[in-house]
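A short reminder: the numbers here are calculations on the coordinates, not readings from a lab. Predicted model only: the values in this text are computed from it and were never measured. Here the Cβ is made from the backbone with ideal geometry for all residues, glycine too, and neighbour counts use every protein chain on show.
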């Protein structure tokens, strides 16, 4: 399915309600628009949030690489933003997206949250590089 | 409906895969077990995570108040933990819960993420104290 980017309307007043942490970042949860699966959590600074709203694609700040990244631009696992929500105290973002490809996780899993406590699935890629994208 | 706490099995090996930030905290997304709504985002240190697993209730570290809190212990809006997931690089937690009462938000909203960019709903309680619980 060929998806199309839809920029999200926003106002400066809305942007001013977002409270970035001491490191200039706010956590951004990414949820699948179709079935509500929580896909991943990334971090945004003000610029990444603006790019996300203006382009309708998900932009994050990579804490490990120290650079902006547009999700899926390398892997093809793009996210098409359908809504950008913010929480009661403005210090968390929720992106609702249509997810392309296999999923959001660099391991190939659909969701980064593919392991549960008590399920015996603690092996896997926990030791691998933090290389979303 | 009277709900019952169900402790979550875990191993020390699993706990060792969780990577806490420089501030000793890891973000914890809370999702409704019934319909997948993302309810809130809180923060846990190692002790809050252990308490959550051992009690089957959601425990967080309040950054604003500098203390542990068990969600809903004051308000009655309790969360009964059904699964605790962790992400590929171990630096985010996902709690799947049955939510009691009106919801997770101190404003009375079901979800803390009740506002969207571009929807004209930027008024509300963004300026109110960060007083989950």
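Annotations for the structure displayed:
- Computed helical MRE - 222 nm, chain B, DSSP H runs ≥ 4 contributing -39500 (n - 2.57), nearest 500: -3000 deg cm²/dmol
- Rounded Å value of the spacing that divides the Cα centres of segment A:14-92 and segment B:96-115: 22
- Least to most buried among A:59, A:80 (fewest other Cβ within 10 Å first): A:80, A:59
- Within segment A:30-49: backbone nitrogen closer than 14 Å to the residue A:119 label point (7 Å, Cα to C-beta): A:37-40
- Partner shielding of B:104-117 amounts to 5, given as the average count of beta-carbon atoms from other chains within 10 Å of each residue beta-carbon.
- Residue of chain A with the Cβ closest to the rotation axis carrying A onto B, and that distance rounded to whole Å: A:36, 1.
- Here the label points at residue A:33 and residue B:3, each 7 Å from Cα along the C-beta direction, are separated by 2.9 nm in the simple model.
- Per-residue shielding of A:87-99, expressed as the average number of other chain Cβ atoms within 10 Å of the residue Cβ, stands at 6.
- Using a 7 Å Cα-to-Cβ projection, residue A:13 label spacings across copies, nm, ascending: 5.5
- Nitroxide proxy distance, nm - points 7 Å out along Cα→Cβ at residue A:98 and residue A:12: 3.3
- At 7 Å out from Cα toward Cβ: residue A:98 inter-copy label distances (nm, ascending): 3.6
- With Cα atoms, 0 to 90° folded angle of helix A:46-55 axis to chain A main axis: 90
- Rounded to two decimals, the Cα radius of gyration of the protein assembly as shown over 2.2 N^0.38 Å is 0.95.
- 7 Å along Cα→Cβ, label-point gaps from residue B:54 to other copies, nm, shortest first: 5.0
- Pairwise alpha-carbon distances in chain B exceed 18 Å for 53% of all pairs.
- Within segment B:24-99, percent of DSSP bridges classed antiparallel, to nearest 5: 80
- Gyration tensor (alpha-carbon) shape descriptor, segment A:1-57, a/c threshold 1.5: oblate
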